[in-house]
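Here's the structure we're looking at; comments come further down.
Just so it is clear, none of the values below were taken in a lab; they were calculated from the coordinates. On a predicted model such as this, the values are computed, not experimentally measured, just so you know. All Cβ positions, even for glycine, are placed from backbone atoms using ideal geometry, and neighbour counts span all protein chains on display.
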Amino acid sequence: MDWDWNFVQEIMPTLIQGVKITILATVLGSILAAIVGLAIALARRSPHRLVSRSVGWFAEFIRGTPLLVQLYFIFYVLPDIGILLPPLVAGVIGLGLHYGTYTAEVYRAGIDNVPRGQWEAAKACNLGGRHTWTHIILPQAIPPMIPALANYFIAMFKETPLLSAITVLELMNQAKIVANSSYRYMEPMTLVGAFFLIISLCSVVLLRWLEHRYGKIER
Amino acid sequence: MTDWSGYLNLILQGAMVTVQLTVMGAALALVMAFVAGLGRLSRFVAIRCLATAYIEFFRGTSGFVQLFFAYFVLPLAGVTLTPLQAGVLVLGLNVGAYGAEVVRGAIRSIGREQYEACTALNLGRWQGMRHVILPQALLIMLPTFGNNAIELLKATSVVSLISLADLTFQAQVVRSQTGSTLMPFATILLIYFILALIIAWGVRTLERRLARGLDGVRV
Amino acid sequence: DDAKLDELKAQGFARVAIANEPPYTAVAADGKVSGAAPDVARVIFQRLGVKDIVASISEYGAMIPGLQAGRFDVVTAGLMMKPERCASVAYSEPVLCDAEAFLVRKGNPKHLMTYEDIGKDSSATIGGPGGGLQAKYALKAGVPSDRFIVVPDAQSGLKMVQDGRIDVYTLPILSINDLVKKANDPNLEVVAPVQGMPVSCDGAAFKKGDEALRDAFDVELAKMKKSGEFAKIIEPYGFSAKAAMSTTREKLCASAQ
Amino acid sequence: MQVMPGEKLALIGPSGSGKTTILRILMTLEKIDGGHIQVDGEQLYHMERNGQLMPADERHLAKMRQKIGMVFQLFNLFPHKCVIDNVTLAPMLTKGVTRVAAEKRAMELLDMVGLADKAKAMPAQLSGGQKQRVAIARALALSPKIMLFDEITSALDPELVEEVLNVMRKLAAETDMTMLLVTHEMGFAHDFADRVLFFDRGRIFEEGKPDEIFRHPKQERTQSFLKKIIAAGHRV
Amino acid sequence: MQVMPGEKLALIGPSGSGKTTILRILMTLEKIDGGHIQVDGEQLYHMERNGQLMPADERHLAKMRQKIGMVFQLFNLFPHKCVIDNVTLAPMLTKGVTRVAAEKRAMELLDMVGLADKAKAMPAQLSGGQKQRVAIARALALSPKIMLFDEITSALDPELVEEVLNVMRKLAAETDMTMLLVTHEMGFAHDFADRVLFFDRGRIFEEGKPDEIFRHPKQERTQSFLKKIIAAGHRV
Ligand SMILES: Nc1ncnc2c1ncn2[C@@H]1O[C@H](COP(=O)(O)OP(=O)(O)OP(=O)(O)O)[C@@H](O)[C@H]1O
Ligand SMILES: Nc1ncnc2c1ncn2[C@@H]1O[C@H](COP(=O)(O)OP(=O)(O)OP(=O)(O)O)[C@@H](O)[C@H]1O
Ligand SMILES: [Mg+2]
Ligand SMILES: [Mg+2]
């Protein structure tokens, strides 16, 4: 089967539609993962053993099982208990939750890297728990972990094709639909691969810049 | 009404396929990790470039897309792989690319003095690598290899989309046979988690065994 | 003189693609392949000297590319004949015939009886297999592609109707009936047959170039149809042998043009 | 042991003798196993409820911490905030002082420690002595009744020690805060303190007026400690 | 500079004067910019081909390295191998000695350094002095003609220095290897060496018999160096 540039031209607009959804899902998923990760990291530090333990196991479980199955679960099983999510929302929640368990580890390391003296100074300044977190610890912990977080966001981007399994019309799904009706796999799949490679390589450049910009904090 | 034991049997068959994929994929990944990881440290520019290209390509594109490519596009170029071969190949090469960076990092973390001791004892480059550097680097690689193996296990679920009868695929079959969505998905999530725990436990045990005698030298 | 058939004989089995969509194709709890289409194919291949069939389950959209890529030797999955498909693969004579049905929620709240109804109601969504007849009909009837949801498998389609994600799920009548029977859900309703849709028939689909094998298959199929053995296999599944025997590949491949 | 309001105390003693520990306990950075501590007439780690003493809750501790400020050996400035923000942060958050009022007070304090011109600098741009003076201003901004200083000069290069000690002298002269100071600078301790406590093995081993302790220590262990210190080049 | 076969040389001199560097060059751990070095009658960094000198290839270097052994300041034992495996590894790999023969020889050497009972211990279980003695045995196992020792006692606790020096004395007495020793132990250098080289700023500044150098140094810089060393408590 030969490569057909006319066909490429014909399907390009459809694939671009898909790219948009892919990027949207990645961005929303990243935001959610950043929040979920922080929540998990904080919960794991909770003085209540029950909270920290159960959140710990929950995160282990999410991290030890495939995202694809989690997506099926969110999309097809949750409606049984009355939670009916549109495909994109279900996909973003799946991505955010799954990668949240990874970013939680990044947060944990970032928080542990804030020197003990900062906690003590905050206490000596009589700051409460909330103020200590929001004004002292997190502003110091987060910038150094931006590169590590960005790493996971690139990884997440590469897993968005899984959302096609729950009918999200992202790049992979668009390509599959094109392939289904034209019986041509070569062009759509190659283009999908190329899109991913290009965007990933660009994001590597971005990552280098982030590392340069936020890599370390001056004390 | 439903024959649960029969369906459970189907799921267990799927688990066998998943385990088979994980083991074979991990074997390939291990080989590739060392080949490419050592390749990146080679004296020869051509080998370094080749290794870098392999690593960047497989880390830069989505595993899911690679799988579809291997399964539907490669045959058009005359390379026909069975679903199992395609799955093992893609998963192995993909995880191997990540492993290569682990191998490289671990080797580079071994101190200069060990290399100098090798030179002083007149060991050749490869002899020193084989008997002195790699055995020490292996211990450093092991925990990350364990995480990579769990990532591999999770990634096997994607092969269900090229109709390889793994755990996730069998869950889909059971689902269409019984009309129940919750049971098959909950069951396989649990199985995946147990498999992940087994891998984590195995790696920890291996690590402890290898670290014996090294106490006090390395953390 | 048929190299492909010799190859299959030597190999001892033929690789068939199925969809796991009863009653067309099914996988039992013990992993055994059944369903009307594979059952017919199994008997014919045995007559041709190929001992068994080995099935792999596939999405509808992936079947023809898979056939072309040499992943299967034949598709026996209720892959309905239509002109474009006839151009891409070599069909046998008709095997299973069926009309289209809609699966909707109880009372059909949006009164969707035809594709045109769906086209007119801008809130209505329809789900169906990817790259199938249904998508083509929907498009022709004015349903924009963003309201035609590609659903990977029948069970997901059923679930999506139950959950209200889509208003209609469409498959051939017998498939829908089987699905509804298993689901045993009083909140579902079937519209069958869908008005304005012709009865369509599937055949075993071979790769272009394997026409000799296809012709050998056709000879055995014709013998079975004549002896009544054909009816004995497919009628328990609910299919009508008469419908398959009253039409031909030539007619079906030409009809829609 | 008891400390009078406005008293200046110097805590000296060998390494590991518990000087840091006692300051950290007063600042509630460390937990205590037993005993009672009263600050400004109130229990520090306990509170009275229905006539009974109970372990204090976080609210009670926060209230008590208002009375106490602490300056650390390693400054512990907030590296992501500029100098003036380091000083204004706590008053604004814990006392609800407006930004304007907090900054006015902060400028007075920075002026006092001689760093008014560094208000907008980041901590990383300051020398150790300057950092420590900012840390002093930051602790003062909360107007505590009691100030704790833990070896505030021992992480500094020798040429920077004096600028910090000068600030301390000024502070001692101008305010009537209670001050507890752990130091190895015996000369400074002598001039600064109303009373000197010599610690050893976790307890107060000898105490008295600076002259008594430094010139005529009664205990042999105190003598030998001072001798060692002098041998190491510290002036007394 | 020239070294006779069997000669024992001590290299002394201030920090940064190039003592380590010259040993590392001999061991081919460092590259040289110019000059020629001959070992045992052969060029070290060059090889003759068609009557011309060319930079040596890896094979030539490997051949030359057979003649030289080195013991490092920080031992550089292989932490993942037990003591005897550390000693047998190189002979088995580079000389094709059988395991049995290599272990027999290794046990002799371990016996010589007084560690026959530690053959199966891991390096992490040994004291610094024991580690250094294993390192000496490991270097000897290849039977080099020249041994290089770079401050082999300076990373050791004072009480462990003597056990290593004893091994060195034995070695000097029992073998006729050429030995180059960098050390700050002047007393030992005096007893051990046939000749002493004083290094300063990358060159040999003075050389002579130990008595000459230690008792009657000619150069002022050598005198002041020795004076400093004595002040720091080293015996001469
Ligand atoms: N009274 C005490 N009760 C319990 N533990 C004590 C006591 N005094 C000292 N310690 C323990 O001794 C250790 C050293 O004490 P600390 O850091 O207070 O010594 P220091 O006098 O500040 O020494 P340095 O001059 O080295 O700073 C601490 O870990 C502390 O827990
Ligand atoms: N002759 C030389 N040519 C070039 N570089 C030299 C020379 N001598 C010394 N150096 C440089 O000086 C630095 C210190 O040298 P070296 O480590 O050999 O000193 P050392 O005498 O071993 O000191 P120490 O007693 O502290 O171990 C090295 O980086 C080396 O490159
Ligand atoms: Mg202290
Ligand atoms: Mg040196």
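Over chain C, calculate the relative contact order: mean separation of alpha carbon pairs under 8 Å at least 6 apart, over the residue count, as a percent. Averaging sequence separation for qualifying contacts and normalising by length gives 29 percent for chain C.
A straight Cα-to-Cα reach below 13 Å connects residue D:120 with the aspartates and glutamates D:85, D:103, residues fewer than 8 places away in its own chain not being considered. Per-residue 3J(HN,Hα) values for the range C:126-137, derived from phi via the Karplus relation 6.51 cos²θ - 1.76 cosθ + 1.60 with θ = phi - 60°, read 10, x, x, x, x, x, x, 4, 4, 4, 5, 4 Hz in sequence order (x marks Gly and Pro). 3J(HN,Hα) along the range E:80-93, derived from phi through the Karplus expression 6.51 cos²θ - 1.76 cosθ + 1.60 where θ = phi - 60°, amounts to 8, 10, 6, 3, 5, 5, 4, 6, 7, 3, 5, x, 5, 7 Hz, with x in place of Gly and Pro. For residue D:209, the distances from its label point to the matching points in the remaining copies are 7.1 nm, ordered from shortest, with each point set 7 Å beyond Cα toward Cβ.
Think of it as helices only: each DSSP H run of n ≥ 4 in chain D is worth -39500 (n - 2.57), and spread over all residues that comes to -12500 deg cm²/dmol at 222 nm. Reported to the nearest whole Å, the Cα centre-to-centre distance from the range E:198-231 to the range C:1-18 is 93. Of the residues C:250, E:206, D:185, the one with the fewest other Cβ atoms within 10 Å heads the list, and the complete ranking is C:250, E:206, D:185. A straight Cα-to-Cα reach below 19 Å connects residue A:176 with the aspartates and glutamates A:2, A:4, A:10, A:159, A:187, C:59, C:84, C:146, C:153, residues fewer than 8 places away in its own chain not being considered. Distance from the C-alpha centroid of the range A:103-141 to that of the range A:46-76: 25 Å, rounded to the whole angstrom.
Measuring between alpha carbons in the structure, the pairs from C:51/C:225; C:82/C:182; E:19/E:81 lying more than 27 angstrom apart are C:82/C:182; E:19/E:81. Each residue of the range B:167-174 is assigned a 3J(HN,Hα), and the resulting list reads 3, 5, 5, 5, 4, 5, 4, 4 Hz, derived from the Karplus form 6.51 cos²θ - 1.76 cosθ + 1.60 (θ = phi - 60°), x at Gly and Pro. What separates the Cα centres of the range C:72-89 and the range E:1-80 is a distance of 77 Å.
Legend: calculated FRET efficiency, residue B:207 to residue C:235, from the Cβ-Cβ distance at R0 = 56 Å, rounded to 0.05, equals 0.35.
Here the label points at residue E:108 and residue C:10, each 7 Å from Cα along the C-beta direction, are separated by 6.7 nm in the simple model. Computed from label points 7 Å out along Cα-Cβ, the spacing between residue B:8 and residue C:226 is 5.2 nm. If you plug the beta carbon distance of residue E:219 and residue A:214 into 1/(1 + (r/R0)^6) with R0 = 56 Å, you get a FRET efficiency near 0.50. Ignoring aspartates and glutamates fewer than eight residues from residue D:170 along the same chain, the ones with Cα atoms less than 16 angstrom from its Cα are D:7, D:108, D:111, D:162, D:191, D:194. Relative to the other identical copies, residue E:195 shows label-point distances of 7.4 nm, where the label point lies 7 Å from Cα along the Cβ direction and values run shortest first.
Taking a ≥ b ≥ c as the square roots of the eigenvalues of the alpha carbon gyration tensor, the protein assembly as shown is oblate, as a/c is not under 1.5 and a/b does not beat b/c. Between helix A:49-64 and chain A there is an angle of about 20 degrees, using the helix long axis and the longest principal axis of the Cα atoms. For chain D, the relative contact order works out to 29 percent when only alpha carbon pairs closer than 8 Å and six or more residues apart are counted. Taking 4.7 Å between beta carbons as the limit, the unpaired Cys residues of the protein assembly as shown are A:125, A:202, B:49, B:118, D:82, E:82. The charge dipole of the range E:53-210, taken about the Cα centre with unit charges on the Cβ atoms of Lys, Arg (+1) and Asp, Glu (-1), comes to about 780 debye, rounded to the nearest 20.
Taking the dipole about the Cα centre of the range B:107-219, with the C-beta of Lys and Arg at +1 and of Asp and Glu at -1, give me whichever of B:160, B:205, B:117 is farthest to the positive side. Projecting each Cα onto the dipole axis, the largest value belongs to B:117.
Calculate the FRET efficiency for residue D:155 and residue D:101 from the Cβ-Cβ distance with a Förster distance of 35 Å, rounded to the nearest 0.05.
Details: r = 32 Å, r/R0 = 0.93.
Computed FRET efficiency for residue D:155 and residue D:101 comes out at 0.60.
For a modelled paramagnetic label at residue E:227, 7 Å from Cα along Cα-to-Cβ, the residues of the range E:174-194 in reach, with backbone nitrogen under 19 Å, are E:186.
Remark on residue D:71: its backbone amide H falls under 5 Å from those of D:148, D:149, D:150, a criterion applied only to residues 5 or more positions apart or on other chains, H modelled at 1.01 Å from N.
Treating only the Cβ atoms of Lys and Arg (+1) and Asp and Glu (-1) as charged, compute the dipole magnitude of the range D:75-143 about its Cα centre; round to the nearest 20 debye.
Numbers: 10 positive and 5 negative charges, 24 e Å.
Here the size comes out at about 120 debye.
Starting from the Cα gyration tensor of chain A, take the square roots of the eigenvalues, sort them a ≥ b ≥ c, and report rounded, prolate or oblate (rounded when a/c is under 1.5, otherwise prolate if a/b is larger than b/c, else oblate). It comes out oblate by the Cα gyration axes. For residue E:14, inter-copy separations between label points set 7 Å beyond Cα along the Cβ vector come to 3.8 nm, shortest first.
Defining a contact as two alpha carbons under 8 Å apart and six or more residues distant in sequence, what relative contact order in percent does the range B:1-104 show? If you can, show how the numbers build up before the last one.
Details: 105 pairs, mean separation 47.0, N = 104.
Value for the range B:1-104: 45 percent.
Take the cross-link list A:158/C:120; D:31/D:145; C:9/C:232 and give me the ones stretching past 29 Å between alpha-carbons. From the list (A:158/C:120; D:31/D:145; C:9/C:232), the Cα-Cα distance tops 29 Å for A:158/C:120.
Each of C:247, B:181 was scored by other Cβ atoms within 10 Å of its Cβ. Listed from fewest to most, they are C:247, B:181.
Peptide A:171-184 has a mean shielding of 6, counted as Cβ atoms of other protein chains within 10 Å of each residue's Cβ.
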